[in-house]
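The values are calculated or read from the model by the stated rules, or taken from the named source; none is laboratory data. Bear in mind that the values here come from a model prediction, so they are computed numbers and not experimental data. Because the Cβ atoms are built from the backbone with ideal geometry, glycine has one as well, and the counts that use them run over all protein chains shown.
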Amino acid sequence: MIVSRETMEKLKIYQALLEKWQKKINLVAPSTTPHLWERHFKDSLQLISHLPQVHSSLLDLGSGAGFPGLVLAISQCHNLSVTLIESDVKKCLFLENVSRETNIPVVVINERIENLEGKLKGDIITARGLAPLSLLINYALPLMKPESFCLFLKGKEYESEINEAKKKWEFELEIFESLTDSRARILKLTHPKRITADDKNNSRC
C-alpha cells in the first residue's frame, strides 16, 4: 500500500505515541507490539480501496487504539469526516492525543455504542476486533442511513460468524481477501434487516 510522505510521517508519530502509551495502558495485544505496522497500521490502510471517491462520514465502532478509523483519517483519503466511538476514557485520551499531535481532526466520542441511537448516523461504519458479526450488525444498524455500508475486518473465523449472523439477520454481503492475512477477510455489508418470527414462518411455507 502506497501512502504519501506526509501521511507516512504522521503514521510514524502515531506509532511512536502508541509505543509510549502502550507501556501504561493496554491499547493493543502485547504480542503484536513488535509487529505494529503489519498487524495494525497496514491492516487498517487496506480499507482505503473500499472507500467511496466522494466526501463521506465514517463512524468507527469501539475504536480502541484507533484501528482502522484513526488510520483512515490520517490517510486523508477522499476528505473523510471520521468519528471515533470508544467507551474507555483512557483510550479516548490516547485518540485525542494522536489527533492533536498529528494535526488530524477527528471527533472522539466517549460513550457506549448502544447509547448513540438517534444521535448520529454515518455513511460508512467500520469496526475491527470488536465483536462477532451478529452483534456488530446490532450495533451498526441504528447508526446507518439507508445507503450506508459497513466495512468489518474479520479473522479466520469469518465464515462461522457469517453463518451465525444469518440466523438473526438478512443482509447483502461482499467478501474481500485481506492483504495482510491470508486467513482473514474484509466484509462489506449493506441493507441489514433483523429476521422476525413472521419471516421465519414464511420461510417454512
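Conditions tested, residue by residue: (1) touching a Cys at 6+ places or on another chain (Cβ under 7 Å); (2) aromatic (Phe, Trp, Tyr); (3) at positive phi; (4) at pLDDT 95 or above.
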| site | (1), (2), (3), (4) |
| --- | --- |
| Lys24 | no, no, no, no |
| Leu27 | no, no, no, yes |
| Pro52 | no, no, no, no |
| Gly62 | no, no, yes, yes |
| Leu80 | no, no, no, no |
| Thr83 | no, no, no, yes |
| Ser87 | no, no, no, yes |
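Considering only residues in segment 126-143 that are over 19 Å from Arg194 (Cα atoms) and surrounded by fewer than 22 Cβ atoms within 10 Å (Cβ to Cβ), the one that is modelled with the highest pLDDT turns out to be Leu130. The test for being modelled with pLDDT of 95 or more, part of a strand (DSSP E or B), within 16 Å of the chain's Cα centre (by Cα) and surrounded by 14 or more Cβ atoms within 10 Å (Cβ to Cβ) holds for Ser148.
Looking only at residues in segment 81-116 that are part of a helix (DSSP H, G or I) and touching a strand residue (DSSP E or B) at 6+ places or on another chain (Cβ under 8 Å), the one that is nearest to Leu136 (Cα to Cα) is Ile113. Inspection of segment 117-130 identifies at least one residue that is in a loop (DSSP other than H, G, I, E, B), more than 19 Å from Ser57 (Cα to Cα) and touching a residue at least 40 places away in the same chain (Cβ under 8 Å). For segment 49-80, the tally of residues that are in a helix (DSSP H, G or I) and surrounded by 18 or more Cβ atoms within 10 Å (Cβ to Cβ) stands at 8.
With respect to the conditions (1) surrounded by fewer than 13 Cβ atoms within 10 Å (Cβ to Cβ); (2) part of a loop (DSSP other than H, G, I, E, B), Glu159 falls short on a single one, namely (2).
Can you find, within segment 174-190, the residue that is surrounded by the most Cβ atoms within 10 Å (Cβ to Cβ) among those that are of a type in the set (A, V, I, L, M) and closer than 25 Å to Glu147 by Cβ? Step by step, filter segment 174-190, then rank; the result is Leu189. The number of residues in segment 80-114 that are among the hydrophobic types (A, V, I, L, M, F, W, C), touching a residue at least 60 places away in the same chain (Cβ under 8 Å) and within 22 Å of Ile48 (Cα to Cα) comes to 2. How about segment 1-21: which of its residues are assigned to a helix (DSSP H, G or I), touching a helix residue (DSSP H, G or I) at 6+ places or on another chain (Cβ under 6 Å) and modelled with pLDDT under 95? Once the filter is applied, which keeps residues that are assigned to a helix (DSSP H, G or I), touching a helix residue (DSSP H, G or I) at 6+ places or on another chain (Cβ under 6 Å) and modelled with pLDDT under 95, segment 1-21 yields only Thr7.
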